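We did not get these values from a lab; they are worked out from the coordinates using the rules stated. Because the structure is predicted, anything quoted here is derived from the model rather than measured. Heads up, the Cβs are rebuilt from the backbone with ideal geometry, glycines too, and the neighbour counts pull from every protein chain shown.
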Amino acid sequence: MGTLKRLGYLVMIVVLSTSCGRYFNKGELVGTRANRKYIETQPYGMISIPAGSYSVGHNDGDILSSYVSKTKVISLSSFWMDETEITNDEYRQFVNWVKDSIVRQKLSEQFPEFLMADESGTPLDPPRLNWDTEINFEKNEDYKQALEELCVTGYDIIEGKKEFDSRKLIYSWNWFDYSAAAKASRSYDYNTGKYSGTIVDNKGNVVPIKGRSSFVMRERDFIYPDTLCWIRDFTYSYNEPYANSYFHHSGYDNYPVVGVSWRQARAFCDWRTRMFNSNIPSGHDVVMNWRLPTEFEWEYAARGGLSTNIYPWGGPYTRNKKGCFLANFKPLHGNYVSDGSMRTISVASYEPNGWGLYDMAGNVAEWTSTAFNESGYDFIHDMNPEYKYNALPSDPPALKRKVIRGGSWKDIGIYMQCGTRTYEYQDTTKSYIGFRCVRGKVND
């Protein structure tokens, strides 16, 4: 036994000596990761936006906000931004993942092979879904019977087709309210390790602060796009073909997804973060976090390095030298087809801006994380500014406004300008609003 102990101590000394390098034995302060260097790789489909500053506020052509938006110089950290808007096919990956998780959860109630198990075959506690088990309905008829409850039933069945009920596509996710935690830290007792006071959760309930878990806001959102937005948005207009096929047909795979609310866009960002981080090998730092851009990040990225330009392409006009329109919008008093498309168009159909971002003007307007306030520029900070408000279900509509940027296929030219801001309500879905994601950088 003594020999084994001495061997254990020897191994421990060797590990400690090699982990901190040649300075360990000299008693130098080298940290815990002296031999590790973090190198951030470029995320797939994203563009690097460098740190910088610009004057936020009205520009020469900003007719809508020139009396309420004061010019203010702000500075922003670097970040990654999606090269294009999120497409139908990319959002469909999210829908299919949620559908698959619901199917597996339902099957796990009867078939233990859909649950993770330890070496002895005992399901883990708490239970975890096994994503490696293949769902083969042709080989196992019992799987089909178990999923009957997830399909459309009764009068909702159309033409006798057995379809998955999209109303059951609910995504559960959490987010941490850092603002509430920062305020509550003032009432934290470091002697007892306990908080005092209360917090309003995202359902509007006043609950006592028990610990860190009190600042975790839990959400459940329907994530299937609202395909009927094409009909609801336009009275006396024949948009039924788009309602029936825009999200489903492969011909629209590379078109920007629409009919997605602000809440659904945030749920997508959380899923994208979860999907990526779940594939990071154990022992690595998990720092990847996708989110919606702030309106200031969006405007800075749209300008493409030209801080005073009116449009993302840099010039003062919506046409190039050949007379061709430079974005998909509503030109010439409603001649929609003159720019090359009647409604939306495939992403990246027009030239990118100076940083390689496509469709920062036109095609579809884009959600940002920022709450809309007419006088918001007066009180925002000048370093990485953001204005957030966690609207409760009982709040009036004015508090549920979120900033949208970029203009869409149905908007006139003024909405294509980098400095133009407007809003939409966070729980609404429109046929002219989509989104793209950003991700912060570790070393900016």
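Span-like helix check, the chain: qualifying full DSSP H segments, with Cα axial length of 18 Å or more and mean Kyte-Doolittle of 0.0 or more, are 2-19.
What ranking of Tyr377, Tyr387 emerges when the number of other C-beta atoms within 10 Å of each C-beta is taken as an exposure proxy, fewest first? Let's see the in-between values first.
On the way: Tyr377 21, Tyr387 18.
Ordered from fewest to most neighbouring Cβ atoms within 10 Å, Tyr377, Tyr387 come out as Tyr387, Tyr377.
Across the range 93-169, C-alpha contacts under 8 Å between residues 6 or more apart give a mean separation that, scaled by the residue count, equals a relative contact order of 26 percent. Note on Rg and Dmax of the Cα atoms in Å: of the candidates (1) 26.0, 91; (2) 21.8, 70; (3) 23.3, 74, the value calculated from this structure sits at (1).
Legend: distances between Cα atoms for Lys203/Lys388; Lys70/Lys330; Lys168/Lys210; Lys144/Lys203; Lys144/Lys430; pairs beyond 25 Å are Lys70/Lys330; Lys168/Lys210; Lys144/Lys203; Lys144/Lys430. Note on the chain: with a GNM built from Cα contacts shorter than 10 Å, the maximum mean-square fluctuation among Ser431, Ser77, Ser196 falls on Ser196. Under a Gaussian network description of the chain, with springs only between Cα atoms under 10 Å, the residue in Ile157, Ile380, Ile47 that fluctuates furthest is Ile157. Charges on Cβ only, +1 for Lys and Arg, -1 for Asp and Glu, centred on the Cα centroid of the chain; of Asn309, Tyr171, Trp97, which one is farthest towards the dipole's positive end? Sorting the options by dipole projection puts first Asn309. Calculated on C-alpha atoms, the gyration radius of the range 93-169 divided by its Kirkwood radius gives an Rg/Rh of 1.02.
Peptide packing: for 131-137, 273-279, the average count of neighbouring Cβ atoms within 10 Å per residue gives the ranking 273-279, 131-137, highest mean first.
By the count of other C-beta atoms within 10 Å, a proxy for reagent exposure, Thr308, Thr227, Thr420 are ordered fewest to most as Thr308, Thr227, Thr420. When the alpha-carbon atoms of the range 382-444 are used, the pair Rg, Dmax equals 14.4, 40 angstrom.
Let me check against my output: what whole-number percent is the relative contact order of the chain, with C-alpha pairs under 8 Å and at least 6 apart?
20 percent
Just add up the charged neighbours of Phe247: K/R +1, D/E -1, any other residue whose Cβ is under 11 Å from the Cβ of Phe247.
Working: positive: Arg92; negative: Asp89, Asp226, Asp253.
With Lys, Arg at +1 and Asp, Glu at -1, the neighbours total -2.
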